[in-house]
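Worksheet: the structure to be examined is printed underneath.
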Amino acid sequence: MDKIPVAVIGASGYSGRELLRLLLFHDQAEIACLTSRQAAGRSLAEEQPRFRGCPGADTLRFVEPTMENLQASGAKVAFLALPHGVAHEFAEPLLAEGWRVIDLSDDFRVQDAQAYEAFREHAHPAPHLLPQAVYGLPELHRESIRKASLIACPGCYPTSMILPLVPAVRAGCVRTDTIAVASMSGVSGAGRKAAVPLLYVECNESVRPYNIPKHRHLAEVEQELSLAAGHPVVISFTPHLVPVNAGIATTIYASAAEGAVAADLGKALEEAYADEPFVRLLGEGHLPDTKNVVGTNFIEIGWVHDPRTNRFVLCSAEDNLGKGAASQAVQNFNLMHGLPETEALLHV
């Protein structure tokens, strides 16, 4: 079987680097085009020395991100590893030319243009594309992903919240009007940019909350929880920046529905994820640790019931650059092309 030629548009960020690492060793994918305005003309090995000696890294060169260069590559699949608000500029012409697009930004995650505007505080730049976008969380939308032309890969925080919560909400284990979430993310989650709050001396030996009470990722979380519940769901969310490179630890609090016990929550999670290759259910009373998932596409989920408050506490851990971004994008690529879902993703 010939390898599938792909284009990676914008690969200078942390998620883009992780995406390249996975694609370079993917048995069925070949990077046919790699774009970057800043690095145009340089080889991948020159621009990102960590890839020296990897297959093709010395000969694969960055090019300007133009439609002419993309079409000349022979690829028909594009990964958009671009900043939020920029991806739509490429998605629209690529889709018009029959490409399949896997977007790692948040441009197409929220299906309702008004909800997008409420959280982003500006109008959606391409609302006519929203009906064809599929929310790329394989555990929830696998069959739609297989047929999609435009995949909106979930955010890192949303993945860590949605996967533990959706089975609980669907099974009626929790009161949806009581959900509150606190998450801690490594600094790479803020992106690779020059910003004073992200300097080493600003982040090291410090933990701080940010973007409360209305983090932009809430829109997609509430979208997926509302679909699961069958009615609108609104939650509270507080993200924190912690001085590690990568990883997300999320803690979710929700009051138990009348009569619901820990065994009901455990059953709901088992029924949802028992056969999922990248969801590790740790069981009641066993809690996740980011050191066990960083560098992988796995998410770990544990839970407890607090009888004093009658609340369920669900905890998850994932790699914000992996299951929260690049490796989840590759998981979607595999599904879209009829490949084993785990292809290139079982390295731990």
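The values are calculated or read from the model by the stated rules, or taken from the named source; none is laboratory data. No experiment lies behind these values; they were computed from the predicted model shown. Glycine gets a Cβ as well: all are built from the backbone with ideal geometry, and neighbour counts include every protein chain shown.
For residue 307, the criteria (1) loosely packed, with under 15 Cβ neighbours inside 10 Å; (2) closer than 25 Å to residue 14 by Cβ; (3) out of contact with any Cys (no Cβ under 8 Å at 6 or more places or on another chain) hold in every case but one, which is (2). Per the conditions (1) assigned to a strand (DSSP E or B); (2) at pLDDT below 95, the sole criterion not satisfied by residue 183 is (2).
Beta carbons closer than 9 Å, at least 6 apart along the sequence or on distinct chains, pair a first residue in the stretch 213-228 that is within 18 Å of residue 171 (Cβ to Cβ) with a second that is charged (D, E, K, R) for 228/170.
Quick grid of which residues meet (1) more than 21 Å from residue 228 (Cβ to Cβ); (2) outside the structural domain of residue 21 (by TED's automatic domain parsing); (3) of a type in the set (Ser, Thr, Tyr); (4) surrounded by 21 or more Cβ atoms within 10 Å (Cβ to Cβ):
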{"residue": "262", "(1), (2), (3), (4)": "no, yes, no, no"}
{"residue": "271", "(1), (2), (3), (4)": "no, yes, no, no"}
{"residue": "282", "(1), (2), (3), (4)": "yes, yes, no, no"}
{"residue": "287", "(1), (2), (3), (4)": "yes, yes, no, no"}
{"residue": "293", "(1), (2), (3), (4)": "yes, yes, no, yes"}
{"residue": "303", "(1), (2), (3), (4)": "no, yes, no, yes"}
{"residue": "311", "(1), (2), (3), (4)": "no, yes, no, no"}
{"residue": "330", "(1), (2), (3), (4)": "yes, no, no, yes"}
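Report whether or not residue 267 is of a type outside the set (A, V, I, L, M), touching a residue at least 60 places away in the same chain (Cβ under 8 Å) and outside the structural domain of residue 8 (by TED's automatic domain parsing). Yes: the conditions hold for residue 267.
When you check residue 73 against the structure, is it surrounded by fewer than 17 Cβ atoms within 10 Å (Cβ to Cβ) and of a type in the set (Gly, Ala, Ser), yes or no? In short, no.
Note on the stretch 63-160: enclosed helices (runs of 4 or more DSSP H) holding 2 or more residues that are more than 22 Å from residue 345 (Cβ to Cβ) are 67-72, 87-96, 113-120.
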